[in-house]
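See structure below.
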Amino acid sequence: MNYIESVDWIENRNIPLGEFTTDNIKALLEVFNKPQDKLKIIHITGTNGKGSVASFIANSLKENNFSVGKFTSPYITNIREEIKIDNEEISEECFAKLASEIRRKVEELDEKKIFVSGFEILTSLAYIFFAREKVDFAVMEVGMGGRVDATNVMEKSIPVFCHISLDHANILGNTLGKIAREKGGIIKENSHVFSYPQEKEAGEVLRKISSDKNSTFDEFKENEVEILKSNEFGNKFNFRNYKDVEIDLIGEHQALNASLALMVLDFLKTEYNLNEEKIKLGLKNAKNIGRIECLSKNPLIVIDGSHNLDSIERIEESIRKFKYNKLILGFSLLKDKDHDKILRKIENISDKIILTEIDNDRFTEVDVLVNEFKKISKKEIYAIKNREKAVEKTLELAEEGDMILWCGSLYLIKDIRKIILEKLN
């Protein structure tokens, strides 16, 4: 297969649906001699912040001259963005070669009625690639949940928990405790567990699992993070022994995400002789496209892949860092989200609303969104199914000094970002 054929095969891999387990991907990786167990893995889960924490950790290790593989999802620009070593995407040639090699083994497993999904194939490709390139660390972001996620196939790792909130309740459970239990499934025996400050219910579950697995549990408190400056250019803060830490990611919650990364890096500091200034440089240079990302200053255009109530609340706080007159909101939402609460939050910060549809099987029809918004708002609402025309409408409505904000889903932002950058160029 060439690169395009490889991507098409992975993204359109249709298999019989069954119970979620890691058995099938383990069978595939067994064929490749368990590459995941040849790696030093930092395994990151949580509801929000995974991509940012992965970038902070990977970047800081890279600045300390370590080779670092990073696996994140979903992608914003192209599928190779999900698999990087030292911030460089896997090449098209290497991707196609590995995918072709994996396909032969997948088809052999198909004959045995062992069906590996597209995401499992992509995860396997990352593990095989990182092992063959002999990276010093592999920073692996969980796709969803943790216990039965495709990434959760290693014998040992450093488990890292970002903020846990209610999301994917139909799959992971309808309480924080149930969701934390699913995410806590990444904790292995005798691990060192690191956690963002969690709600009581989630925190108790993670502590219990850690104790049962003979693992230490390290969680910082929000008051340990002293924010010195927070604006549209990023944050400056103190955390424990780290002073005047600067990050370019916007929003005070990113200082908390960076503090979580610092806990992990501080744990690795002695064994791997990490330099504090290089750690801070890595945090400063970390990027996370599609998350409170400013694409243009004039007109002011910001995009964010917020997709649940918790991340929408973060947007409320983050956009206060910008100066603007009116906020022109471009928005859509997947069906399986908490529509009422999210719409009320997002309506509260907007002046004019443009609704569109997401290129995803779980999209919400634009007419449904309009009716939902009209129940709670008397603001100007425009319904435009075509995403490019929806972007054009936001640009048309924005006057001098206004801000355009696009949010609602990473699947939406993937398309919107491309459209906006093409128009700006």
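Miscellaneous remarks
- Structure-based [θ]222 nm, the chain - -39500 (n - 2.57) summed over DSSP H runs of at least 4, per residue, nearest 500: -13000 deg cm²/dmol
- Spin-label model distance (nm) - Lys378 vs Asp359, 7 Å beyond Cα toward Cβ: 3.9
- Prolate/oblate/rounded call for segment 87-146, Cα gyration tensor, a/c under 1.5 rounded: oblate
- Net charge dipole size for the chain [Lys, Arg +1 and Asp, Glu -1 on Cβ; Debye, nearest 20]: 460
- Mean Cβ count within 10 Å, highest first, over the residues of peptides 94-105, 249-260, 344-355: 249-260, 344-355, 94-105
- Shape of segment 40-96, Cα gyration tensor, a/c cut at 1.5: oblate
- Peptides 293-300, 149-156 ranked from most to least packed, by the mean per-residue count of other Cβ atoms within 10 Å: 149-156, 293-300.
- Relative contact order, whole percent, for segment 78-137 stands at 30, derived from Cα pairs under 8 Å and 6 or more residues apart.
- Surface share of carbon and sulfur [accessible, 1.4 angstrom probe, percent] for the chain: 44
- Under the criterion of Cα pairs below 8 Å and six or more residues apart, the relative contact order for the chain equals 15 percent.
- Overall shape: rounded for segment 293-424, with the ratio a/c of the largest to smallest alpha carbon gyration tensor axis below 1.5.
- Fraction of beta bridges assigned by DSSP in the chain that are antiparallel (%, nearest 5): 35
- When each of Lys229/Lys280; Lys321/Lys379; Lys345/Lys389; Lys213/Lys278; Lys40/Lys287 is checked by Cα-Cα distance, pairs over 27 Å: Lys213/Lys278
- Segment 293-424, relative contact order in percent, only Cα pairs under 8 angstrom and at least six apart counted: 37
- For the chain, the per residue solvent-accessible surface stands at 45 Å², with DNA, RNA and ligands left out and a 1.4 Å probe.
The values are calculated or read from the model by the stated rules, or taken from the named source; none is laboratory data. Everything numeric here is computed off the predicted structure, so don't read it as measured data. No Cβ is skipped: glycine too gets one built from the backbone with ideal geometry, and neighbour counts run over all protein chains shown. The protein model used for the area step is the full one, side chains on, heavy atoms only, and it has no ligands, DNA or RNA in it. Shrake-Rupley method; radii C 1.70, N 1.55, O 1.52, S 1.80 Å.
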